[in-house]
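The values are calculated or read from the model by the stated rules, or taken from the named source; none is laboratory data. Being a predicted model, the structure only gives us computed values, none of them experimental. Here the Cβ is made from the backbone with ideal geometry for all residues, glycine too, and neighbour counts use every protein chain on show.
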């Protein structure tokens with residue numbers, strides 16, 4: 001799961017990155033308004049953590065831009081404890097939640113998990129599709145009740161497909177989801193093919209149906 005942190009307080013942002021990374025989230029961090037706009041225009045995330053007071057611009061405008069682009073990321077506003085007006089404006093503009101500073105990192109992680117469940121997986125912790133079952137909290141997978149051992153990348157890829165079922169995902173979108181900022185450093189998508197191949201092999205060997213379909217010249221999609 002990929003998180004964008006938009007926060008200009010360096011110590012706080014670094015603490016968030018450290019904690020959320022330990023919770024198996026992949027984090028990207030920007031510290032000003034122009035950088036934040038560039039990221040939301042060119043990337044997709046599972047959740048955005050948004051400070052409203054940013055160098056170079058207003059975080060509320062970022063919320064408005066997300067709405068105009070019909071982006072589906074969950075958004076948690078992170079702002080000063082007494083900024084009630086900002087909270088109300090942000091929620092009206094489409095933010096999903098609000099967390100006042102200071103806060104405990106564990107609470108932040110819990111709120112992120114809740115928003116992702118609600119937006120992508122119908123507010124459930126366990127996703128069941130035919131013989132396949134995925135526990136989002138424990139990050140475990142079973143096929144016909146038998147545990148399936150996946151790497152972190154394979155687990156992330158499986159969730160990415162299921163969270164976007166019946167949507168064609170391009171190789172570039174998969175590369176960005178798996179590698180974030182580092183996707184542009186690769187000359188080709190060999191690492192995407194490798195993770196896909198391994199995931200499909202493990203699913204097949206476990207007795208899972210062939211749900212990952214290749215859409216030639218376009219990409220891949222999860223199809224039941």
*What is the residue count in the range 67-86 for residues that are in contact with a strand residue (DSSP E or B) (Cβ under 7 Å, 6 or more places away or on another chain) and surrounded by 15 or more Cβ atoms within 10 Å (Cβ to Cβ)?*
8
_Boolean, residue 200 is modelled with pLDDT of 85 or more, surrounded by fewer than 19 Cβ atoms within 10 Å (Cβ to Cβ), touching a strand residue (DSSP E or B) at 6+ places or on another chain (Cβ under 7 Å) and assigned to a strand (DSSP E or B)_ = no
_Please go through the range 4-20 and give me each residue that is out of contact with any strand residue (DSSP E or B) (no Cβ under 6 Å at 6 or more places or on another chain) and more than 22 Å from residue 58 (Cα to Cα), ordered by number._
15, 18, 19
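Tell me, which residue of the range 207-224 that is within 19 Å of residue 143 (Cα to Cα) and buried (at least 18 other Cβ atoms within 10 Å of the Cβ) is nearest to the chain's Cα centre (by Cα)?
222
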*asked:* I need the full set of residues from the range 107-146 which are touching a residue at least 24 places away in the same chain (Cβ under 8 Å) and surrounded by fewer than 16 Cβ atoms within 10 Å (Cβ to Cβ), in order please.
replied: 118, 129, 130, 131, 137, 139, 144, 146
*Name the pairs whose Cβ atoms lie under 7 Å apart, with the first residue in the range 76-93 and over 21 Å from residue 107 (Cβ atoms), the second assigned to a helix (DSSP H, G or I) and modelled with pLDDT of 85 or more, and 6 or more positions between them or separate chains?*
89/60; 93/60; 93/63; 93/64; 93/67
_the range 10-45: number of residues that are surrounded by 14 or more Cβ atoms within 10 Å (Cβ to Cβ) and at pLDDT below 90_ = 5
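Is it fair to say residue 89 is surrounded by 15 or more Cβ atoms within 10 Å (Cβ to Cβ) and over 30 Å from residue 193 (Cα atoms)?
Judged against the criteria, residue 89 is a match.
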*Only one of 21, 10 is in the same structural domain as residue 96 (by TED's automatic domain parsing), more than 18 Å from the chain's Cα centre (by Cα), farther than 22 Å from residue 89 by Cβ and free of Cβ contacts under 8 Å to residues at least 40 places away in the same chain; which?*
10
